[in-house]
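Peer 1: The structure follows.
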Amino acid sequence: MTAPRKRNTWQREAVRTALADDDGFVSAQRLHATLRESGSPIGLATVYRALADLAVEGEADSLQSLDGESLYRACTPGQHHHHLICRNCGLTVEIEADAVERWAQSVAIEHGFTQPNHVVDVFGLCAECSVTNWPEPRPPV
């Protein structure tokens, strides 16, 4: 079931545009600061509401950082996907997870559930952060 679409206000459009202009996941506070720096009078509470609505409608991905902060990123609506996210720099890569899809469906059926939904985000260090943040000497893999 799809959530009802919210009215498209200038504030909502400003949040959508700012989110699309950012390459990775961003907090509401950081997005608000970006909007304010560009001259927008938008309030922080409005940014939070717009981001939450965009996430519900599938126009934004939402995840929790390791310290519990909600982060958002623009995405293509209607395309289920998973992420590999660098804990250090925030680099995010959309990944295929066919095995996860099969497992989720199987577990749901096994327990009598239908229409299973899930979120899978894998956190680690990207190649660049692994090199620059790993203590020397680097152990063998």
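The values are calculated or read from the model by the stated rules, or taken from the named source; none is laboratory data. Quick caveat: nothing in here was measured; it's all calculated off a predicted structure. All Cβ positions, even for glycine, are placed from backbone atoms using ideal geometry, and neighbour counts span all protein chains on display.
Peer 1: For S40, indicate whether it is within 19 Å of the chain's Cα centre (by Cα) and surrounded by 14 or more Cβ atoms within 10 Å (Cβ to Cβ).
Peer 2: So S40 does not fit the description; no.
Peer 1: Got a sec? Which of E69, E94 is surrounded by fewer than 16 Cβ atoms within 10 Å (Cβ to Cβ), closer than 30 Å to A127 by Cβ and modelled with pLDDT under 85?
Peer 2: Result: E94 is the single residue among E69, E94 that is surrounded by fewer than 16 Cβ atoms within 10 Å (Cβ to Cβ), closer than 30 Å to A127 by Cβ and modelled with pLDDT under 85.
Peer 1: If you don't mind, another one. Give all pairs with beta carbons closer than 9 Å in which a residue from the range 94-107 that is more than 10 Å from H118 (Cβ to Cβ) meets a residue that is part of a helix (DSSP H, G or I) and not hydroxyl-bearing (S, T, Y); count only pairs at least 6 apart in sequence or on separate chains.
Peer 2: From the range 94-107, no pairs qualify.
Peer 1: When the range 19-53 is examined, which residues are found to be more than 26 Å from R87 (Cβ to Cβ), in contact (Cβ under 8 Å) with a residue 24 or more places away in the chain and polar (S, T, N, Q)?
Peer 2: The answer is S40, T46.
Peer 1: Could you say which residue among I109, I85 is more than 30 Å from R7 (Cα to Cα), more than 11 Å from the chain's Cα centre (by Cα) and aliphatic (A, V, I, L, M)?
Peer 2: On the way: I85 fails: more than 11 Å from the chain's Cα centre (by Cα).
When all the criteria are applied, what remains is I109.
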